[in-house]
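What follows is a set of notes on a single structure, which appears directly below.
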Amino acid sequence: MTTHRIDAAKRIVPVDAARGSVMLFSCLAHFAWWIHGTYPAAGDTLAAIGMVATPTFLMTSGAMVGMLCAKAARHGGDLKSQLFNRGLFLLTVGHLLIALAEAHVGGGLIGKLRNITVVDEIGLCTLVAALLIPQIGNEQTCRRLSQIAVVVLGVAWLMNLFWAPPLGLPTDLDESLVGGNALAPAIFRHTPVIQHLAIYVIGFMVGHYFARSSQQQVPMRDIAARFVASGGALVFAALALRLVRALLDGLDVTDTTALDISTTITAKVPPSPAYLLFFGGCGLLLVGLMFRAGASPRPAAKAAVEWLAVIGRASLVVFILQYFLYWTLPDLIDVHPNRWCLVYFVVNVLLIRLVAGMWGKLGGNRYLTFGIKLGVQRALVP
């Protein structure tokens, strides 16, 4: 029986497949937004399932940068220009396209240009990473950064619960940085930049594990087992929090609001501890599943991984396209959800896969740059 291993000289297909799976979860989340007005219960359920997308994509994006920096440190490659250009592209062209997709909703294009999205956060991190390649390429440094990031997530949540902005500090700034007050009525909340950056930084260590595993030719099954064990532990911890909350119902506690929101798995903005544990764990399980499928002798499993990997390699194009297909286009052509809306979802997934395949054959990722030269590169940004 063949033992499947990851090749240091090639792309890691299971990681691409995991990113492709995340894009489908993102499609599901945007589809849920569209149908929510007509089918609120189904919309809420699908939106909750789609929540796995954000932390997993942030983590895997950080992992890809961490892996490339680790390889550059070992082989003398300089990724500065590529990372700088990719980050700048995300912050400008990517930001503009997403704002355009949201412009039909209140605020118009100018109003939406002021919003911050996950694409902006990844762009900012990638831009900064271009200036810190030697540091990110050091595994010990990344381990310390990951530990600091976990502490930052904890402190940010305490701020969400107990900190009130000083008089004169704009509420929008507080909400943009940490997501605002978790106990306040949830009318509209901004993307919590600090927490998302922390998740991205945690991904650096995952990237070092990928780089080390490819160098040492670790079998895919072993990699899968490690991710499944880690992800399962986080999911179990999240469920344990919910169990503790249920057990405390019998105690005479006068105010459990902070405890309730802290143990709510679907509290995404700002992200509760239960949300981070559960969906972070789901993300690790997803990566493990892709590695397990990649090591499977079954042709169907391998074909599924390859199918998803095509989407993952075109993740930016897919992310922007699904915005238009699942949210912008139905509003513009005045199409409303009905009992056939699931067909609309499936057809668009197939269309997205077709576009991703064409993008890959054209080598489209090479166009996601401004061509600014800061150094010599020996690796490609995914």
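The values are calculated or read from the model by the stated rules, or taken from the named source; none is laboratory data. These figures come from a predicted structure and were not determined experimentally. As a convention, Cβ positions derive from the backbone with ideal geometry for all residues, glycine included, and neighbour counts pool all protein chains shown.
Observations on the model:
- For the stretch 269-313, residues that are of a type in the set (Gly, Ala, Ser) and not in a helix (DSSP H, G or I) total 3.
- Of all residues in the stretch 252-265 being closer than 21 Å to Val151 by Cα and assigned to a loop (DSSP other than H, G, I, E, B), the one that is nearest to the chain's Cα centre (by Cα): Ile265
- Applying the criterion of at least 2 residues that are among the charged types (D, E, K, R) and in contact with a helix residue (DSSP H, G or I) (Cβ under 9 Å, 6 or more places away or on another chain) to the helices (runs of 4 or more DSSP H) found wholly in the stretch 33-98 leaves 53-75, 80-89.
- So Thr256, is it surrounded by fewer than 16 Cβ atoms within 10 Å (Cβ to Cβ), modelled with pLDDT under 95, in contact with a Leu (Cβ under 9 Å, 6 or more places away or on another chain) and over 25 Å from Arg19 (Cβ atoms): yes
- Restricting the first member to the stretch 314-326 and to residues that are within 9 Å of Met23 (Cβ to Cβ) and assigned to a helix (DSSP H, G or I), and the second to residues that are at pLDDT 95 or above and of a type in the set (Lys, Arg), the beta-carbon pairs closer than 9 Å and six or more apart or on different chains are Ser315/Arg19; Val318/Arg353.
- Test: residue in the stretch 328-340 that is of a type in the set (A, V, I, L, M), in contact (Cβ under 8 Å) with a residue 12 or more places away in the chain and closer than 25 Å to Leu58 by Cα: no
- Flag for Val355 being part of a loop (DSSP other than H, G, I, E, B), surrounded by fewer than 21 Cβ atoms within 10 Å (Cβ to Cβ) and among the aliphatic types (A, V, I, L, M): no
- Residue within the stretch 191-206 that is part of a helix (DSSP H, G or I), of a type outside the set (Phe, Trp, Tyr) and at pLDDT below 85 present: no
- Against the criterion of being outside any helix (DSSP H, G or I) and within 30 Å of Lys71 (Cα to Cα), Lys361 does not qualify.
- Evaluated against (1) over 28 Å from Leu100 (Cβ atoms); (2) in contact with a Pro (Cβ under 8 Å, 6 or more places away or on another chain), His336 falls short on exactly one condition, (1).
- Condition check for Asp7: surrounded by fewer than 23 Cβ atoms within 10 Å (Cβ to Cβ) and either part of a helix (DSSP H, G or I) or modelled with pLDDT under 95 (or both): yes
- Taking the numbered list (1) assigned to a helix (DSSP H, G or I); (2) of a type in the set (Val, Ile, Thr); (3) more than 18 Å from Gly20 (Cα to Cα) in turn, Ile372 passes all entries but (1).
- So Val346, is it touching an Asp or Glu at 6+ places or on another chain (Cβ under 9 Å), modelled with pLDDT of 95 or more and assigned to a helix (DSSP H, G or I): no
- Top-ranked residue in the stretch 316-338 [being of a type in the set (A, V, I, L, M, F, W, C) and modelled with pLDDT under 90; ranked as nearest to Ile122 (Cα to Cα)]: Trp327
- Scanning the stretch 19-65 for residues that are touching a residue at least 40 places away in the same chain (Cβ under 8 Å) and among the hydroxyl-bearing types (Ser, Thr, Tyr), we see that the one that is surrounded by the fewest Cβ atoms within 10 Å (Cβ to Cβ) is Thr38.
- The residues listed here are Ala156, Ala149, Ala164; of these, the one that is within 30 Å of Thr256 (Cα to Cα) and either of a type in the set (Phe, Trp, Tyr) or exposed (fewer than 13 other Cβ atoms within 10 Å of the Cβ) (or both) is Ala164.
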